[in-house]
Amino acid sequence: MFHIPICPFSQRVEILLALKGMEDALDYHVVDITVPRPAWLLEKTRGTTAMPILELEGGEVIKESLVIARYVEERFPTPAVAREDPYERAVENMLIAAAAELTAPGYALLMNQERARRAELRARLLARYAELSAFLERYARGRGPFLFERYGLAEVVYTPFFQRFYALEHYEGFELPDAPEYRRARDWVDACRAQPQAQQVTREQVIKLYYDYARGAGNGALAPGRARSSFAFAPDWRARPWPPREKYAGALSDAELGLV
Ligand SMILES: N[C@@H](CCC(=O)N[C@@H](CS)C(=O)NCC(=O)O)C(=O)O
């Protein structure tokens, strides 16, 4: 798998493999998002730049995290992670199909730079969480926090984004209110974040690496006045200071971020 470290889409595949006890099944080729893709890689993707891609034994290339996840699930069906019953699979797929409706407003709030828009963006995200909560209340089966009795494919798809939203808590102070309309979603988010096979990233790592997202520069882009992305591999994130919570107060320099 060719992937960008800390990419939430790649993490979907990593979680799925971990659930199957197949963490070592792939060779990982790390792609640096802060520099242009090399020509040999663009040849494999036929020109697209998004990662992850999976290259099979025979050289065939599969793109799109969800397509890759479903390929892994079908090729290695035991233990099953996706639902097997057709109705349950439909429920799972409805939830998966709605993922971008939650992640897009989450990233919009994270990347927003205008204080005046905060309340509106926050309200939009909360409305999506209320919808998620209502969906889970309507369709979830079983007594635990998950859609079905165990952590499954819908959880695999959402978990990386719930973990990226640690950055929303830090930079936007965004937390789901303790109110009935969000309660079911909150339980789901907490259980997804805590799933043992989904610990490929830590809260600290997300907050430090997503500083640039919080300043409006996504996907390894450079914010004005900066020479290094917060997604840079070195210096290691563990050695960098925690960025402050006040993202609207002003930009930090490469040096203040511990990037030089
Ligand atoms: N729909 C794709 C999205 C993948 C994606 O956006 N990956 C990001 C990294 S998290 C990326 O490669 N961004 C850089 C680019 O698109 O060139 C999937 O599910 O695999």
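At 1.4 Å probe size, with no ligands or nucleic acids counted, give the accessible surface of residue 236 in Å², nearest ten.
So the heavy atoms of residue 236 present about 70 Å² to solvent.
Rounded to two decimals, what ratio of Rg to Rh does the chain give with C-alpha atoms and a Kirkwood Rh?
Values: Rg = 18.8 Å, Rh = 19.4 Å.
My calculation of the ratio gives 0.97.
Residue 187 to residue 242: extension gain in nm, 0.36 nm per residue of separation minus the Cα-Cα distance?
On the way: separation 55, 0.36 × 55 = 19.80 nm, distance 2.75 nm.
The residue 187-residue 242 span can extend by a further 17.1 nm.
If the elastic network links every pair of Cα atoms under 10 Å, which of 50, 217, 116 fluctuates the most in the Gaussian network model of the chain?
The residue that fluctuates most here is 116.
Given the whole protein assembly as supplied and a 1.4 Å probe, what does the accessible area of residue 146 come to in Å², nearest 10?
Only protein atoms counted, so the area is about 30 Å².
Pull up the cross-link candidates among the lysines for residue 247, meaning alpha carbon to alpha carbon under 30 Å and not fewer than 8 places away within one chain.
208
In terms of modelled amide H atoms, which long-range or inter-chain residues lie less than 5 Å from the amide H of residue 144?
The answer is none.
Step through the residues of the range 97-109 one at a time and calculate ³J(HN,Hα) from phi using the Karplus curve (6.51 cos²θ - 1.76 cosθ + 1.60, θ = phi - 60°), rounding each to whole Hz and writing x for Gly and Pro.
5, 8, 4, 5, 5, 9, 6, 4, x, x, 5, 4, 5
The range 149-260: Rg/Rh from Cα coordinates, Kirkwood Rh? Before the final figure, lay out each step's value.
On the way: Rg = 15.6 Å, Rh = 15.3 Å.
A ratio of 1.02.
Label-point separation (nm) for residue 64 and residue 94, each offset 7 Å from Cα along Cα-to-Cβ?
Between residue 64 and residue 94, the label points sit 2.2 nm apart.
How many Å² of accessible area per residue for the chain, probe 1.4 Å?
Working: 12370 Å² over 260 residues.
Averaged over the residues of the chain, the accessible area is 48 Å².
Using a 1.4 angstrom probe on heavy atoms only, work out the carbon and sulfur share of the accessible area of the chain in %. Let's see the in-between values first.
On the way: 6620 of 12370 Å².
Reported share for carbon and sulfur atoms: 53 percent.
Residue 111 accessible area, nearest 10 Å², 1.4 Å probe?
Residue 111 has an accessible surface of roughly 60 Å² with all protein chains in place.
To the nearest whole percent, what portion of all C-alpha pairs in the range 35-91 is separated by more than 16 angstrom? Working shown, then result.
Details: 874 of 1596 pairs.
When all Cα pairs of the range 35-91 are counted, 55 percent exceed 16 Å.
Step through the residues of the range 121-129 one at a time and calculate ³J(HN,Hα) from phi using the Karplus curve (6.51 cos²θ - 1.76 cosθ + 1.60, θ = phi - 60°), rounding each to whole Hz and writing x for Gly and Pro.
With the stated coefficients, the range 121-129 comes to 5, 5, 5, 5, 5, 4, 4, 5, 5 Hz.
Give me the one-decimal nm value for the distance between modelled label points at residue 50 and residue 71, 7 Å along each residue's Cα-to-Cβ direction.
Label-label distance for residue 50 and residue 71, simple model: 1.5 nm.
In a solvent-free Debye calculation with one equal scatterer on each Cα, what is log10 I(q)/I(0) for the range 182-223 at q = 0.18 Å⁻¹, listed in the order of the q values?
Once normalised to I(0) and log-transformed, intensities are -0.69.
From the backbone phi of the range 38-54, what are the Karplus-calculated ³J(HN,Hα) couplings (6.51 cos²θ - 1.76 cosθ + 1.60, θ = phi - 60°) in whole Hz, Gly and Pro given as x?
The phi angles translate into x, 4, 5, 6, 5, 5, 5, 8, 6, x, 7, 10, 5, 10, x, 10, 10 Hz.
The values are calculated or read from the model by the stated rules, or taken from the named source; none is laboratory data. Owing to the predicted nature of the structure, the values given are computational and were not obtained by experimental measurement. For neighbour counting, all protein chains shown are included, and Cβ atoms are generated from backbone atoms with ideal geometry for every residue, glycine included. Just the protein is used for accessible areas: all its heavy atoms, side chains included, with ligands, DNA and RNA removed. Shrake-Rupley method; radii C 1.70, N 1.55, O 1.52, S 1.80 Å.
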